[in-house]
Amino acid sequence: MFFDVVVGAGPGGLACAHEVVRQAQDLRVLLLEAGRGMRNRPCPVDRGLRCTGCAGICNVISGFGGCVHYGDGVKLSLLPSGRRLIDHFGEDRADELCERAFQFLTAPLLEPPILSGTRLGAPVIKAFAGNGLAIREYPVAVLGETQVRDMLTALHGFRNDALAVWEKSELVTVALEGDRLTLAVATHGGLVTVETARLVLATGRHRVTSAHNLLTAFGVQTIAPDMSLGVRLETRAEVLAAIGVEHPDLKITQLERVDRKTKTFCFCGGPNGGRIKFTNYQRSFGREVITLDGHETTERLPGGRSLAANFGLLCQLARPGTSTEVRDEILSDYWRLSGGRPVAQSLRAFMNKTAELSYPRFHGAS
């Protein structure tokens, strides 16, 4: 079985596949997705249940749409957020590519999304600066759950003879034979061999380590990232509602120079807050690790508890060793502490560095 291009089915892979089909309709493209279909990605935590691992493929991490999850809201951030694109492509080319991606994803919507995050009020800037903090300004569009469903439905509905989509199908091995790659793909019907002239690794978080190993095996030089450690803080939605209106993807950095930079990330704090889900990496790091992920929401109603908001706090690590060695050390500590599962603390215990720990059955189910 031969395809000209094989690619994953997250936002990057979808954009790549559609662009190839549009520009070169004589090529056959295969969208290879390890996860489930667009509408079949429920998270048990949404129903107040414990993480089950979803039979080996976490529905939060994998599935058609990738990080754009059917049933949740999503934020689309434009440059200068993601400044590494500028490092790779230069400012003009990065701006062009970012705008093309934004237009591609939002084209199915009835109305163009509103961009905010670039006109912060003077009182907000002054308040943060007074605490030694600066807010990064860049355009952000918040898409509600209905808009995300419309967007994914349109992307999923795009089909022709040049594009095939295999869901619940995972790349296992790759071998170079002449000018072609031979892929072994695990499907629900068994192992299938696929030949391709080009392979695009838009693999996302599920294959974070295996993609690196594949590139290394083919002699592709990669640059390991600086390691950081993150925690997620949850509070009542009204606490973060006002700043969430000013900047829906709030990123804060320190004004003073410090040895280990700390910043916020993955902010879910508008008027409707955001939900927290488990992200089960299964054995992507060698043994099961479950972390917490924030998801934007705009349409949910309060249930048995009031709406909550959340954000992540990320701190660079200054430990000796390579990034892989530091990562393995952190994960080993995490396993000794909780078996690789999320740990809950009160803010007071977190600030005082005391051992007031609990291991919740579920988290953020409202």
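Using a 10 angstrom cutoff on alpha carbons, build the Gaussian network for the chain and name the most mobile of ARG119, ARG207, ARG36. The residue that fluctuates most here is ARG119. Using alpha carbon centroids, what distance separates segment 246-307 and segment 189-225, in Å? Result: 27 Å between the Cα centres. Averaging the sequence gap over all C-alpha pairs within less than 8 Å and six or more residues apart, then dividing by the number of residues, gives segment 204-288 a relative contact order of 31 percent. Measuring gaps between exposed loop sites in the chain (GluC sites (Glu not before Pro); DSSP loop; at most 13 other Cβ atoms within 10 Å), the longest gap, sites not included, is 1-255.
Computed over the chain with a Gaussian network model linking Cα atoms closer than 10 Å, the most mobile of PRO139, PRO112, PRO123 is PRO123.
Measuring only protein heavy atoms, the 1.4 Å probe finds ARG28 accessible over about 100 Å². For segment 255-351, state which chymotrypsin sites (Phe, Trp or Tyr not before Pro) are in a DSSP loop and have at most 13 other beta carbons lying within 10 Å of their beta carbon. Filter output for segment 255-351: empty list. Placing unit charges on the Cβ atoms of the charged side chains and taking the dipole of segment 100-214 about its Cα centre, the candidate lying farthest along the positive direction among GLY130, LEU109, VAL165 is GLY130.
Computed from Cα atoms, the angle from the helix 145-157 axis to the main principal axis of the chain rounds to 10 degrees.
Estimated at the nearest 10 Å², the accessible area of LYS261 is 80 Å² with a 1.4 Å probe. The H on the amide N of ALA309, modeled in the peptide plane, is under 5 Å from the matching H of THR235, ARG236, ALA237, GLY274, each at least 5 residues off or on a different chain. Segment 68-127 to segment 4-25: how many Å between their Cα centroids? Answer, in whole Å: 21. Note on HIS18/THR222: beta-carbon distance plugged into 1/(1 + (r/R0)^6) with R0 of 22 Å gives a FRET efficiency of 0.25. Between ALA197 and ARG305, what is the FRET efficiency for a Förster distance of 51 Å, r being their Cβ-Cβ separation, to the nearest 0.05? The calculated FRET efficiency here is 0.45. If the segment from SER210 to ARG260 were pulled out straight at 0.36 nm per residue, it would be longer than the present Cα-Cα gap by 15.1 nm. FRET efficiency for the pair LEU79 and ARG50, taken as 1/(1 + (r/R0)^6) with r the Cβ-Cβ distance and R0 = 51 Å, rounds to 0.85. Can you send over the carbon and sulfur percentage of the accessible area for the chain, probe radius 1.4 Å, protein chains only? Solvent-exposed carbon and sulfur of the chain make up 54 percent of the total.
The values are calculated or read from the model by the stated rules, or taken from the named source; none is laboratory data. Note that this is a predicted model, so its numbers are computed, not measured. No Cβ is skipped: glycine too gets one built from the backbone with ideal geometry, and neighbour counts run over all protein chains shown. Just the protein is used for accessible areas: all its heavy atoms, side chains included, with ligands, DNA and RNA removed. Shrake-Rupley method; radii C 1.70, N 1.55, O 1.52, S 1.80 Å.
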